[in-house]
Amino acid sequence: MSDLPISPAQTASDDGHLAVRMCGIDFKNPIIPASGAFGFGREYESLYPLSRLGGISVKGMTLHKRDGNPMPRVAETPAGMLNSVGLQNPGVDYFIEHELPNLLTKDTVIIANCAGSTVEDCTEMAKKLNRTGVHMIELNISCPNVKAGGLAFGVDCQSAATVTHAVKNAAPDKPVMVKLSPNVTDITAIAKAVEAAGADAVSLINTLLGMRIDLASRRPILKQNVGGLSGPAVFPVAVRMVWQVANAVSIPVMGMGGVSTWKDAAEMMLAGATCVQVGAALFQNPLAPIEIIDGLRQYVEESGISSISDLIGGVQPW
Ligand SMILES: Cc1cc2nc3c(=O)[nH]c(=O)nc-3n(C[C@H](O)[C@H](O)[C@H](O)COP(=O)(O)O)c2cc1C
């Protein structure tokens, strides 16, 4: 695990037994809204203080503004959803100038999620982010919805290593967490490749490629034909992959995929996750992260364990 210095903004505070440490950063609790499900936090500010969150992974950014894919780009599925939003975002410069200053006042860890279709785009973004107060960079090499989403990097060990190495060099002052795709044969091979290339952590899983077809029109429901599946339907796949990756690498793992209750979050931590991101659940229940934090706090108090970090990797396989 890398041991980068902690900035003053990153102090563990009121949650006490819920505090976890990852890449030299103290998170007051392990629960973080996932990229793409929380925007830049503005829509949620009126619902609860963002300082209650362990951190925020902001909407995935690209070097230049993107309008995203044509609609329809969201479809319901049993126990989940498909999306092909396609990284709609205002671009990294807009984020740094207009969104980051507000986020940095929120007393929570800010994770800058970014993606690019070329190594040069990714390094350019990393250089810009390295000069800001973001606490961590989450390099998305796994967006299935656009070429710019980096999936081409995420499905090949050599490309994944090349882009990781370049971004780490361009942002030497920030922990770099690489976000992995589940749309591969062996996710542990990609995880090991990015670890060897200098990644400080990995996060997983991004969405699983899926498709729905409208019976009457015989058209795919999504204008892009296919999209990424997330929500409770993917939870067991995510737990399995977090467990496999946590056992394959020695850098920390941030887990996500279908988490909607505190029990899901605890299970993800037992599988090996140090922190847990919550995505699709937010669309059904904007309070989900807060309810999960409260549930974990009650669990820790009632079960008598001294710290939530006791759960990390605690599964006892048969
Ligand atoms: C509408 C939507 C937009 C997303 N946008 C991004 C994104 O910009 N960057 C990224 O790394 N992941 C993005 N994701 C993936 C989520 O961060 C998460 O990895 C995935 O949805 C699995 O978690 P969940 O089942 O809790 O949603 C998006 C997911 C959804 C549903």
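What follows is calculated from the coordinates using simple rules that are stated; it is not laboratory data. Here the structure is a predicted model, which is why all the values come from computation and not from measurement. As a convention, Cβ positions derive from the backbone with ideal geometry for all residues, glycine included, and neighbour counts pool all protein chains shown.
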Which one, G54, N225, S260, projects farthest toward the positive side of the charge dipole computed for the chain from Cβ point charges (K/R +1, D/E -1)? N225
Apply the a/c threshold of 1.5 to the C-alpha gyration tensor of the range 149-208 and tell me whether it is rounded, prolate or oblate. prolate
Students often forget the sequence filter, so: which aspartates and glutamates lie under 12 Å Cα-Cα from K263 once same-chain residues fewer than 8 apart are removed? E291, D294
Whether the range 26-65 is rounded, prolate or oblate, judged on the alpha carbon gyration tensor where a/c under 1.5 counts as rounded: oblate
When the charge dipole of the range 16-311 is computed with +1 at the Cβ of Lys and Arg and -1 at the Cβ of Asp and Glu, the Cα pointing farthest to the positive end, of S203, I213, P30, is that of I213
Expected output is a single nm value to one decimal: the length gained when fully extending between T77 and Y48, i.e. 0.36 nm times separation in residues minus the C-alpha distance. What is it? 7.6 nm
Exceeding the 30 Å Cα-Cα cut-off - candidates K127/K192; K128/K223; K174/K223: K128/K223; K174/K223
Length-normalised contact order of the range 16-311 in % [C-alpha pairs under 8 Å, at least 6 apart]: 20
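Could you sort 262-273, 216-227 so that the peptide with the highest average Cβ count within 10 Å comes first and the rest follow in order?
In descending order of packing, they fall as 262-273, 216-227.
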Could you give the size of the charge dipole of the range 194-284 about its Cα centre, using +1 on the Cβ of each K and R and -1 on the Cβ of each D and E, expressed in debye and rounded to the nearest 20? 480
What would the Debye formula give as log10 I(q)/I(0) at q = 0.10, 0.12 Å⁻¹ for the alpha-carbon point model of the chain, no solvent? -0.49, -0.73
Take each complete run of DSSP H in the chain, measure how far its Cα atoms stretch along the helix's own axis, and keep only those covering 27 Å or more with mean Kyte-Doolittle hydropathy at least 0.5; list them. none
Debye, to nearest 20: dipole size of the chain, +1 on Lys, Arg Cβ, -1 on Asp, Glu Cβ: 860
How large is ³J(HN,Hα), in whole Hz, for each residue of the range 97-102 in order, when computed from phi with the Karplus curve 6.51 cos²θ - 1.76 cosθ + 1.60 and θ = phi - 60°, using x for Gly and Pro? 7, 10, 10, 4, x, 5
Using label points projected 7 Å from each Cα along Cα→Cβ, tell me how many nm separate E302 and D93, to one decimal. 5.3
Mean residue ellipticity at 222 nm from the helices of the chain, using -39,500 (n - 2.57) per DSSP H segment of n ≥ 4 over the full residue count, to the nearest 500 deg cm²/dmol? -8000 deg cm²/dmol
Hits among aspartates and glutamates - C-alpha to C-alpha of K168 under 16 Å, sequence gap 8 or more where chains match: D3, E120, D121, E124, E138, E195, D200
Using only the alpha-carbon atoms of the range 9-132 as identical scatterers, what base-10 log of I(q)/I(0) does the Debye formula give at q = 0.11, 0.20 Å⁻¹? -0.43, -1.18
